[in-house]
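Since the structure comes first, as structure tokens, the remarks are kept for the end.
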Amino acid sequence: MRRWVTTLLVSALTAFAATAALTAQSAEGGLIGTGAASGCDSAASHPFEVWGDRANYLLMPGGSFESGSPAWTLSKGAYVGPGNEPFQTERDNGSRSLYLPPGSTATSPTGCFKFGDWHARFFVRGVGLRGGRLEVDVVVRSLLGVLTVLDGGSVAPSGEWKPSPRIGMLLCNVTGLLGTKAVSLRFRAVNGAFQVDDVYLDPFKEW
């Protein structure tokens, strides 16, 4: 009986240690701190008001993809080319957007982040065949280079330009309590091609 209790206790402690290690690893980027962002837009706007979303949003660095904007990190065929979302939410007569062929990825420069930034949102449309999905990751990099990637969910856009659903950043706010000051957004094209424009972060300021 005593041996069985001892074995059970050891197993429980082992499972607890493994869970604690995974939890620490997922939060490590925040625990160590991230330093300042590469860019911070201070001009809040209401780009999704027409669609019933009255929240304020800030443009992510390079999020308009226009000439002179901070460059995103593009791989596996992703590129910035002609074509703009038709709603002109930036009111800058924009003419460019991000193209994501199947299997490609695009990662933004780091943008300012603080506790209370709950959502990201952007304009997107599917290009070519239907049935693909666009995966969105929230990327946190610590001062020591530790990379934490949080799942922001996926989008299955139609062939028309539309606002994306709100990309929840609640998990990132957990790390925000532990030192996160900057985040990047990463898009991954899965089984489809996509066009993305005007990528925003909700700084949790309402009218």
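All of the numbers you see were taken from the coordinates with simple rules; none came from a lab. What you see is a predicted model, and the numbers here were worked out from it, not measured in a lab. So basically every Cβ, Gly included, is an ideal-geometry build from the backbone, and we count neighbours across all protein chains shown.
Residue by residue, region 121-129 carries 3J(HN,Hα) couplings of 7, 7, 9, 8, 8, x, 10, x, 5 Hz when phi is fed to the Karplus relation 6.51 cos²θ - 1.76 cosθ + 1.60 (θ = phi - 60°); x denotes Gly or Pro. Taking amide H as placed 1.01 Å from N in the peptide plane, Ser97 has its amide H under 5 Å from the amide H of Gly81, Gly83, each at least 5 places away in sequence or on another chain. Coupling constants for region 97-103 follow from the phi torsions by the Karplus curve (6.51 cos²θ - 1.76 cosθ + 1.60, θ = phi - 60°), and in residue order they are 7, 8, 10, 10, x, x, x Hz; glycine and proline get x. Using C-alpha pairs under 8 Å with a sequence gap of at least 6, the mean separation divided by the residue count of region 29-202 gives a relative contact order of 35 percent. Annotation for Val149 and Ala71: the two label points, set 7 Å from Cα along the Cα-Cβ direction, are 2.2 nm apart. Only alpha carbons enter this Debye calculation for region 29-202, each as an equal point scatterer, and the log10 of I(q)/I(0) it gives at q = 0.12 Å⁻¹ is -0.50.
First measure r as the distance between the Cβ atoms of Cys40 and Glu160, then evaluate 1/(1 + (r/R0)^6) with R0 = 35 Å and state the FRET efficiency to the nearest 0.05.
0.65
Between amide H atoms placed 1.01 Å from N, distances below 5 Å from Gly192 occur with Gly103, Arg133, all of them 5 or more places distant or on a separate chain. A cut-off of 5 Å between modelled amide H atoms, ignoring neighbours fewer than 5 places along the same chain, links Gly152 with Val136, Asp137, Val138.
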